[in-house]
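Chemist: Have a look at the structure that comes next, please.
The values are calculated or read from the model by the stated rules, or taken from the named source; none is laboratory data. Treat the numbers as computed from the prediction; the structure is a model and nothing was measured. In this analysis, Cβ positions are derived from the backbone assuming ideal geometry, glycine residues included, and neighbour counts consider all displayed protein chains. These area figures cover heavy atoms from the full protein model, side chains too; ligands, DNA and RNA do not enter into them. Shrake-Rupley method; radii C 1.70, N 1.55, O 1.52, S 1.80 Å.
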Protein chains: 2
Amino acid sequence: MAEILPSYLAGRWTTGTGAGAPVHDAVDGELVTHVSTEGLDLAEAVQHAREVGGPALREAGFQGRAAMLKAAASAIAERKQELYDLSARAGSTRADATVDVDGGFGTALVYASLGRAGLPEGNLVVEDAPVLLGRHGTFVGQHVLTPRRGVAVQINAFNFPVWGMLEKLAPALIAGVPSIVKPASQTAYVTEHAVRIMLEADVLPVGAISLVSGPVPGLLDLLGGQDLVGFTGSASTAALLRSHPSVTERSVRFTAEADSLNSSVLGPDADEGTPEFDLYVEQLVTEMTVKAGQKCTAIRRAFVPRGRLDAVTSAVVERLRAVVVGAPGADGVTMGALVGLDQRQDVRAQVARLRTEVRLVHGDPERVDVVGADDRRGAFLSPLLLVGSDSAGSPHEVEAFGPVSTLLPYDDADHLVAQVARGEGSLAASVVSHDPEFVRTAVTGIAAHHGRVLVLDRDDAAESTGHGTPMPQLVHGGPGRAGGGEEEGGLRAVHHHLQRTAVQGAPGLAERLGRG
Amino acid sequence: MAEILPSYLAGRWTTGTGAGAPVHDAVDGELVTHVSTEGLDLAEAVQHAREVGGPALREAGFQGRAAMLKAAASAIAERKQELYDLSARAGSTRADATVDVDGGFGTALVYASLGRAGLPEGNLVVEDAPVLLGRHGTFVGQHVLTPRRGVAVQINAFNFPVWGMLEKLAPALIAGVPSIVKPASQTAYVTEHAVRIMLEADVLPVGAISLVSGPVPGLLDLLGGQDLVGFTGSASTAALLRSHPSVTERSVRFTAEADSLNSSVLGPDADEGTPEFDLYVEQLVTEMTVKAGQKCTAIRRAFVPRGRLDAVTSAVVERLRAVVVGAPGADGVTMGALVGLDQRQDVRAQVARLRTEVRLVHGDPERVDVVGADDRRGAFLSPLLLVGSDSAGSPHEVEAFGPVSTLLPYDDADHLVAQVARGEGSLAASVVSHDPEFVRTAVTGIAAHHGRVLVLDRDDAAESTGHGTPMPQLVHGGPGRAGGGEEEGGLRAVHHHLQRTAVQGAPGLAERLGRG
């Protein structure tokens, strides 16, 4: 791989200068590449995206852009093996990589299809029916949506270098807004390759996509009221970006999707031996181990009826004992590595904070048996299960972004709703129950604190897409700690890149505006 | 009036301590009252609203709350004369007060009616149709909306003490979110009386509405991820509020509607003698003089075809000469006072900034003939018309929040669109033309920079609601300088106070959740 990972700006590949920051292999600690954006002309890149990319995209209209997106996503699908191979260096098993890569192009294809089916030719969406604003019917108002004239800066997290990039790029592209992709340094080489595949397919107009492989000091200074920033990552970085003058003074449209303390709830009806008991345990273990628990939607707080805490603990521990940690692809491995040694250090520190109040019942944060690798060089970590009590505050505040969950007891539905609310806003929750009354009370009680709530039971389990999986058709985001934003949600994500305008005039005005 | 204007917190009237800040009559400069919030327990007020007001409102359901809103708005309608009288002290003519008071209860009544017709019983809105997420139809996802569990802090501008309060209160109330109203000090006594009328009508549950009559230091510190802040006022205050940690770190849902440099465009077809020429001139003069130009939607930039600049200038000046400035209610008065001497000083300063680049063609910022009052004691100001050239930057940057507009030339539709965009985002624009092709090009070209675009012509003029008038059915807000937010827009404003949650499960899940 290149000594310095290239960026793609103003329609050409370019490389930062200086030594750059090293990026290491998650599994063996070897150097993969460096990231540097020193000397890159971000102002030129933004201007090029706005003045070349924007007009070229708008020229194609919604339908043309949906077709472009389909072609770009298909190019990635055809070369997915290359991305799986790179992902292994970031610690991902084949299953993990599939979530990211197939999840990524799959999401883009869903968007292409939603765009094709649900958007007009041209650049103007007539959103609703006209409203009469006078008694004689000569004056009406209605809402239209048109592409914003700016750029969409997309700041992604390290854990989904392909999906994270595509779930932001897809709606922006369909909307007609050029994207400036900024991957997280740790896995920027996976994103870079995915972008390269799309560019090599030569299906997007020049300026439609730019890539900044590294830090972006000063980028936000260049943005104004027609631009957007989409951010996925930590709450602290979200807060930093959101307090930037481009957001506070110039109203850059800002969306954050931040890691949160997601819950899974076992219903009081789900005794040992019921399908729901098993589904609950199985889903918890899955969420702890997929991507080694490095998912913003992963279950951090697992609520169970107080009297069933021991039974659930035993069942989860039994399954966790079967987890094989090791190098992706090595014999029998079911869980890969964290993205890097720094990340492992951070998770260990958060677990230590949790352990001041809650008890570790499975795993050792300092050591784990590893297959096919060396845990002193690779970022391996044991799955860690903790058990807490209602008095503990840390499970509702501390996020260990790895294979870590805490079991917590609850007494009844009211108590449960209050406990879940202590997380101060989450991306996703599961309610695992076959009792309609409990489901009703729990879901309506916790809905306001969540962007997504999954009801898992014997009737839907076979086709359930799972607690941790955002779907392109459904909103992804959540209030409070989860960042207060929304991504995906079908065409809502496209609309997010459009400006809503109420037009007023004689009847038929929206039609007279044509294709925009 | 009381020495210190009362506040209504935690279900009771209360009064700040200390000397407070004086509020003066706009017309004669006499002391009206003082505002002080010293010693008020805002933390108790927020807690009371959340824990008493919220549950009581949710108990009533959407339909019950729509009925409450109708009753509250009707109470104001019945006692509107009291509000007109108070408004006169703030410089408003009867016509100005009607815009505020009748506009206010009218907006609330529209919301009550939209809520009644468009929302269910209970507290759960099923937003869209279920989406199949599996091939066998056993697993679906769809979006529901439920009331956020927080409070809505509503920070209003001085210019519409009744409408501004009600257009924010109405959707929050229907949504089931308790409101904490914070009026601007200059006209807080008008808002206080409107709130008092609603409370005396005894139609709202305790805790549904609170009123803080004065500054609110520390209020935002008390807010979290279930709360909302709605702000109307200057861009600088919007930026200050938006950078507060409750917004940046805890994702308080924040909306700003800021004053902007709104445009009105005369089409190339609209020669002297056409109905559109007259409509353009008439609307410009109306927008300059209603509320003495103290409207966030007022026309600051009036674009005309270059060759018609002199003709339009003459026609506007001729009408401005007929404007009679003076005490509201005094003989023949057609334009009242600014809200206070500080405001007049500010407008004079902004006009001075404009005059470094553009030419004053009507009025004198330092003197005006006044009927029935003394312009040394009252905040009177002449309407001021300026004329600029394309090279001037200040008309696109400087807002004089009074009876002030600048005429600017344009060459063709492309030039026009580029000039309008220099305002960096506005609330409203008018395109006054009867040429379908020009209307199409102009509206689609400027739409992305606006929250609302009015097309005014001979066909709709008789029923046009006007450039400056936000309608409850249509979004009010705009990108960039206008704050990047949206208010009103029919039920969109109610939805803004609800949390959207994607629920996933077996088919029929949303129905099984009942009324929420």
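Chemist: Please report, ordered by residue number, every helix of chain B (full DSSP H runs) that is 27 Å or longer along its axis going by C-alpha atoms and whose mean Kyte-Doolittle hydropathy reaches -1.0. Intermediate results must be reported in sequence, preceding the final value.
Modeler: Numbers: long enough: B:54-78 (29 Å, 0.24); B:94-118 (34 Å, 0.28).
Membrane-span-like by this criterion, though nothing is claimed about a membrane: B:54-78, B:94-118.
Chemist: Suppose we consider the axis relating copy B to copy A; can you name the residue of B with the nearest Cβ and state that distance in angstrom as an integer?
Modeler: Axis-proximal residue of B, distance in whole Å: B:S243, 2.
Chemist: What percent do you get for the relative contact order of chain A when only Cα pairs under 8 Å and 6+ apart count?
Modeler: Values: 1208 pairs, mean separation 93.8, N = 516.
About 18 percent, as a whole number.
Chemist: Within 10 Å of each Cβ in A:220-226, how many Cβ atoms from other chains are there, averaged over the peptide?
Modeler: Working: counts 0, 0, 0, 0, 5, 14, 7.
Neighbouring Cβ atoms belonging to other protein chains average 4 per residue here.
Chemist: Can you pull the mean other chain C-beta count within 10 Å for peptide A:127-139? Before the final figure, lay out each step's value.
Modeler: Working: counts 3, 4, 0, 0, 5, 2, 8, 5, 1, 3, 1, 6, 10.
Rounded to a whole number, the mean comes out at 4.
Chemist: For A:E366 and A:D221 in one chain, what is 0.36 nm times their gap in residues minus the Cα-Cα distance, to one decimal in nm? Walk me through the intermediate numbers first.
Modeler: Details: separation 145, 0.36 × 145 = 52.20 nm, distance 4.24 nm.
Contour length minus Cα-Cα distance gives 48.0 nm.
Chemist: Taking 45 Å as R0, compute the FRET efficiency from the Cβ-Cβ separation of B:D374 and A:E51 and round it to 0.05. All intermediate terms of the calculation are to be shown ahead of the outcome.
Modeler: Working: r = 55 Å, r/R0 = 1.23.
So, using R0 = 45 Å, E works out to roughly 0.25.
Chemist: At a Förster distance of 30 Å, what's the computed FRET efficiency of A:A19 paired with A:V206, Cβ-Cβ distance as r, to 0.05?
Modeler: 0.45
Chemist: Taking a ≥ b ≥ c as the square roots of the eigenvalues of the Cα gyration tensor of segment B:301-411, is the shape rounded (a/c under 1.5), prolate (a/b larger than b/c) or oblate? Provide the component values of the computation, followed by the final result.
Modeler: On the way: a/c = 2.96, a/b = 1.57, b/c = 1.88.
Here segment B:301-411 falls in the oblate category.
Chemist: Then there's this: By the gyration tensor of its Cα atoms, with a ≥ b ≥ c the square roots of the eigenvalues, what is the shape of chain B: rounded for a/c under 1.5, prolate for a/b over b/c, or oblate? Mind showing how you got there, number by number?
Modeler: Numbers: a/c = 2.03, a/b = 1.29, b/c = 1.57.
In terms of gyration-tensor shape, oblate.
Chemist: Here's another thing I want to ask about it. Under a straight-distance cross-link criterion of Cα-Cα below 16 Å, which aspartates and glutamates are reachable from B:K80, leaving out those fewer than 8 residues away in the same chain?
Modeler: B:D96, B:D100, B:D102, B:E192, B:E200
Chemist: Summarise the accessible area of the protein assembly as shown (1.4 Å probe, protein heavy atoms) by the percent that is carbon and sulfur.
Modeler: On the way: 16930 of 33740 Å².
Of all accessible area on the protein assembly as shown, carbon and sulfur atoms account for 50 percent.
Chemist: When ranked by the protection proxy of mean other Cβ atoms within 10 Å per residue, highest first, what sequence do the peptides A:347-355, B:276-284 form?
Modeler: Values: A:347-355: 17.2, B:276-284: 22.3.
Averaged packing, sorted descending, gives the order B:276-284, A:347-355.
Chemist: Could you please state, rounded to a whole Å, how far the C-alpha centre of segment B:80-144 is from the C-alpha centre of segment A:281-319?
Modeler: Between the Cα centres of segment B:80-144 and segment A:281-319 lies a distance of 42 Å.
Chemist: Taking each residue in A:142-148, count the Cβ atoms of any other chain within 10 Å of its Cβ, then average. What number comes out? Show your work: numbers first, answer last.
Modeler: Numbers: counts 2, 8, 4, 2, 8, 2, 3.
Shielding by partners across A:142-148 averages 4.
Chemist: Sticking with this structure for a sec: Using a loss threshold of 40 Å², tell me which positions in segment A:482-511 are less accessible in the complex than in their chain alone. Probe radius 1.4 Å, ligands and nucleic acids ignored.
Modeler: SASA drop of 40 Å² or more in segment A:482-511: A:E486, A:R492, A:Q499, A:R500, A:T501, A:A502, A:Q504.
Chemist: Just the accessible area per residue of the protein assembly as shown, please: how many Å² with a 1.4 Å probe? Let's see the in-between values first.
Modeler: On the way: 33740 Å² over 1032 residues.
Value returned for the protein assembly as shown: 33 Å² of accessible area per residue.
Chemist: Another question, then. Counting only DSSP beta bridges with both residues in chain A, tell me the antiparallel percent, nearest 5. Working shown, then result.
Modeler: Working: 26 of 69 bridges.
Expressed as a percentage, antiparallel bridges in chain A total about 40.
Chemist: Taking the Cα-to-Cβ direction at A:T465 and at B:Q63 and moving 7 Å from each Cα, how far apart do the two end points lie in nm?
Modeler: 3.4 nm
Chemist: Within the set B:K70/B:K295; A:K70/A:K295; A:K70/A:K168; B:K70/B:K291; A:K70/A:K291, which residue pairs have Cα atoms separated by over 23 Å? Provide the component values of the computation, followed by the final result.
Modeler: On the way: B:K70/B:K295 26 Å; A:K70/A:K295 26 Å; A:K70/A:K168 15 Å; B:K70/B:K291 27 Å; A:K70/A:K291 27 Å.
Those over the limit are B:K70/B:K295; A:K70/A:K295; B:K70/B:K291; A:K70/A:K291.
Chemist: In addition: Within a Cβ distance under 10 Å of A:T248, other residues only, what is the Lys/Arg minus Asp/Glu net charge? Kindly include the intermediate steps, with their values, before the conclusion.
Modeler: On the way: positive: A:R242, A:R250, B:R242; negative: A:E249.
Taking every Cβ under 10 Å from that of A:T248, the sum is +2.
Chemist: For the interface of B with A, what's the total buried accessible surface in square angstrom, probe 1.4 angstrom, rounded to the nearest hundred?
Modeler: 5700 Å²
Chemist: Counting each DSSP H run of 4 or more residues in chain A as -39500 (n - 2.57), what helix-only mean residue ellipticity at 222 nm follows after dividing by all residues, to the nearest 500 deg cm²/dmol? Could the numbers behind the result be given before it?
Modeler: Numbers: 15 runs with 176 residues, N = 516.
Result for chain A, helices only: -10500 deg cm²/dmol.
Chemist: Related question: Please find the FRET efficiency linking B:E272 to B:R422, where r is the Cβ-Cβ separation and R0 is fixed at 30 Å, and quote it to the nearest 0.05. Please list the in-between numbers first.
Modeler: Working: r = 27 Å, r/R0 = 0.91.
In this case the efficiency is close to 0.65.
Chemist: Another question, then. In the neighborhood of B:L386, defined by Cβ-to-Cβ distances under 12 Å, what is the net charge if each Lys or Arg adds +1 and each Asp or Glu adds -1? It would help to have the intermediate numbers written out before the result.
Modeler: Working: positive: B:R300, B:R301, B:R353, B:R355, B:R359; negative: B:E357.
Local net charge: +4.
Chemist: I want the local charge near B:T469. Using Cβ-Cβ distances under 12 Å, sum +1 for each Lys or Arg and -1 for each Asp or Glu among the other residues.
Modeler: On the way: positive: B:K291, B:K295, B:R452; negative: B:D100, B:D102, B:E167, B:E287, B:E488.
Neighbour charge sum, excluding B:T469 itself: -2.
Chemist: Using the 2.2 N^0.38 Å rule of thumb for compact globular proteins, work out how segment B:121-267 stacks up: its C-alpha Rg over that value, please. Don't skip to the answer; put the middle values down first.
Modeler: Values: Rg = 18.9 Å, N = 147, 2.2 N^0.38 = 14.7 Å.
Ratio of Rg to 2.2 N^0.38 Å for segment B:121-267: 1.29.
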